[in-house]
Amino acid sequence: MKVLKFGGTSVGTPERIKAVARLIVDRGCNLIVLSAMSGTTNTLVSVTGCLYGNDTHSAGDIVDALRRKYAEVIDQLYTTPEAAADARRSLEECFATITSLFAEPLDERGEKRILAQGELMSTALMFHYLKEIGCNVAMLPALEYMRVDANEEPDTYYIKSHLNRLLREYSGADLYLTQGYICLNARGEIDNLRRGGSDYTASLAGCAIGAEEVEIWTDIDGMHNNDPRFVPNTRPVDELHFEEAAELAYFGAKILHPTCILPARQNNLPVRLLNTMQPEAKGTLIYNTPKTHTIKAVAAKDNITAIKIKSGRMLLAHGFMRKVFEVFDNYRTSVDMVATSEVGVSVTVDNQRYLENIVDDLSKLGTVTVDRDMVIICVVGDLEWQNCGFESRALDALRDVPVRMISYGGSNFNISFLVRKDDKVRALNQLSRHLFG
């Protein structure tokens, strides 16, 4: 059995839902994970924003517009009145849940209940359509097996035991359907897996059932060797090591969130990235046995701030580095890149929320300089230090681009460069020409 996850654009219209249905019915008995239809989660976020502002009138208008949108989807999706009526009843339960939360001031628990309705609606639409076309499909509600613990980490024992119980309960089904993103928390309340949630669901579910493979279906044919929005003639990468994929995902490749990689890597579960618009395309296979002696891809992470702390007392000063990183820890701000010398240290952050406080505290340790609007360019591949010349090829590509920082040696799979935002596109294109031809 495989786990097939389809993103919001893959099920974004009645035509796309039908296309996905044809694809999954032809693939045999698998577990299908669906995101909310594209645009739905953002709409629900707008609803919660209105409710937090006590604007129930505007929230109601947004919900009414969303209800009309789904009514049109139902009219176009089903051919039998019975299937359409079943779908309307299922979706009306979701809308009733949303509007029931209008009566009292919204809190975080209510917000998460509202956001969960997107995945519940998309799976309801698919479930009733599959039933209409004669598929023996079983719904496995994510809220009956997907749970996080008190530390907001996946409760893997609970997930495995409850998901396999559901599979045994519906063992005669030809296909299984479930929601991505949503879960219960340790208190039994509706919660979610946050960023990359549906990919995370697929990976966790795949590990729980001992799946042969996880397939992530989106609207692009695999992870490309550069950003196609800025670089012409990019191409999908055939194979990636889990570490390479994690680096690319973290540093800007939006097709996959890095959280998805961890459970799959730990359980040696291959992940394949595929395109619902071109299902015949090979895509990208991510696993633990990569091709060696190759540079695979380039990615860019925007909205980076560089912070330099210079201290004349740093030389042989015991505890200086600890004090620097304690400042970032105190404000729960992660550091991406680090470069040190005898008199100073430079770091980068992508979260500016506490930047002013961080700079104030660091100023007690030395002179602080801040560079905003920076970009991290990450070159990923087999970058073991014994592979002579790989780092020099990347450096040569950027010989006429001002580079603020370089990170090399912390990982065997990447070398990172910090450049100005204005130099991003030029840097990406020059790297493509030099590294991939």
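The values are calculated or read from the model by the stated rules, or taken from the named source; none is laboratory data. Owing to the predicted nature of the structure, the values given are computational and were not obtained by experimental measurement. Every residue, glycine as well, gets a Cβ built from its backbone with ideal geometry; the counts of neighbours run over all protein chains shown. Only protein heavy atoms, including side chains, enter the accessible area calculation; ligands, DNA and RNA are left aside. Shrake-Rupley method; radii C 1.70, N 1.55, O 1.52, S 1.80 Å.
Worth pointing out:
- Rounded to the nearest 20 debye, the dipole size of the chain about its Cα centre is 760 debye, using +1 on the Cβ of Lys and Arg and -1 on the Cβ of Asp and Glu.
- Computed FRET value (nearest 0.05) for GLU169 with ILE133, which takes r as the C-beta separation and R₀ as 22 Å: 0.40
- Cα long-axis angle, helix 56-77 against the chain (0 to 90 degrees, to the nearest 10): 70 degrees
- Residue-span extension gain [ASP400 to GLU93] - 0.36 nm each, minus C-alpha spacing: 104.6 nm
- Between the stretch 392-437 and the stretch 20-91, the Cα center-to-center distance that results, in Å: 43 Å
- Filter on LYS310/LYS421; LYS5/LYS282; LYS310/LYS424 - keep pairs with C-alpha separation over 20 Å: LYS310/LYS421; LYS310/LYS424
- Ranking ALA427, ALA21, CYS135 by how far each Cα lies toward the positive end of the dipole of the chain (charges on Cβ) leaves ALA427 at the top.
- For the listed residue pairs LYS301/LYS323; LYS18/LYS160; LYS2/LYS69; LYS2/LYS160, the alpha carbons are over 23 angstrom apart in LYS301/LYS323; LYS18/LYS160; LYS2/LYS69.
- Placing unit charges on the Cβ atoms only, positive for Lys and Arg and negative for Asp and Glu, gives the stretch 286-437 a dipole magnitude near 100 debye about its Cα centre.
- ARG322-VAL343 FRET efficiency (beta carbon distance; Förster radius 22 Å; 0.05 resolution): 0.80
- Share of carbon and sulfur in the accessible heavy-atom surface of the stretch 207-320 [1.4 Å probe, %]: 50 percent
- Think of a 1.4 Å ball rolled over the protein heavy atoms: the chain then has 46 Å² of accessible area per residue.
- When the charge dipole of the chain is built from unit charges on Cβ atoms (+1 for Lys and Arg, -1 for Asp and Glu) and taken about the Cα centre, the candidate among ALA87, TYR354, GLY437 whose Cα reaches farthest toward its positive end is GLY437.
- Between 0 and 90°, nearest 10: helix 14-25 axis offset from the chain longest Cα axis: 90 degrees
- Extreme residue, positive dipole direction of the stretch 294-424, given options VAL370, LEU395, VAL298 (C-beta unit charges): VAL370
- Mean residue ellipticity (222 nm) of the chain, computed from DSSP H runs ≥ 4 via -39,500 (n - 2.57), nearest 500: -13000 deg cm²/dmol
- Hydrodynamic radius of the stretch 109-256 by the Kirkwood approach over all distinct alpha-carbon pairs: 17.1 Å.
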